[in-house]
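Single-structure report; data block below.
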Amino acid sequence: MSHSRIKKYFLNLLSQKDYSERELIDKAMYKGFDDNEIYVEVENLKSIKYLDDLRMAKNIVESYRGLKGQVWLNYKLAARKISEKVISNVLQSYDLSPSPSFKQKVATKYRVSVWSSLDVQKKQKIARFIQSQGFNQPFEIIKLWAEKYLD
């Protein structure tokens, strides 16, 4: 198999969506391309900035920032086979606290008008939802919302 064939394959994939370096390598190996050709072409794509795990990770975090927490984002980036080092660097460079639109989403979903007067059962439901969205310390978030916005 020639370099032009694998290059066409990679460019076709990348024209449809972003792939991480590892995802492209795995796809090419599954397709039966030669290992050396794969790595040469991956390096070529990286040198011309068609393939960049850091950029991809930043784009994913930007898309979900404020709506999903660090745990969820870490899982999402790992599922896209981005290295742990890149994930760690990207997540540390962003403020990943819940956004006002996330707060509004929670308020609408659970019909909350006054955050400071939630009953225990509703507070637990909201905390489970916040945690399911990847945010750590959901009760602290609820407490902050109740104090900060003093409805």
Find the residue count for the range 52-73, including only residues that are closer than 30 Å to Val112 by Cβ and in contact (Cβ under 8 Å) with a residue 40 or more places away in the chain. 7
Going through Arg111, Arg55 one at a time, which residue ends up being surrounded by fewer than 16 Cβ atoms within 10 Å (Cβ to Cβ) and outside any helix (DSSP H, G or I)? Arg111
For residues that are within 21 Å of the chain's Cα centre (by Cα) and among the hydrophobic types (A, V, I, L, M, F, W, C), scanning just the range 1-54, find the one that is nearest to Val86 (Cα to Cα). Leu54
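Conditions (1) surrounded by 12 or more Cβ atoms within 10 Å (Cβ to Cβ); (2) modelled with pLDDT of 95 or more; (3) within 30 Å of Ser20 (Cβ to Cβ), marked per residue:
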| residue | (1), (2), (3) |
| --- | --- |
| Gln70 | yes, yes, yes |
| Ile82 | yes, yes, yes |
| Ser93 | no, yes, yes |
| Ser97 | yes, no, yes |
| Lys105 | yes, yes, yes |
| Lys125 | yes, yes, no |
| Gln133 | yes, yes, yes |
| Lys143 | yes, no, no |
Restricted to the range 34-52 and to residues being part of a loop (DSSP other than H, G, I, E, B) and at negative phi, the residue surrounded by the most Cβ atoms within 10 Å (Cβ to Cβ) is Leu51
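The values are calculated or read from the model by the stated rules, or taken from the named source; none is laboratory data. Everything quoted here is computed from the prediction, not taken from an experiment. All Cβ positions, glycine included, derive from the backbone under ideal geometry; neighbour counts span all protein chains shown.
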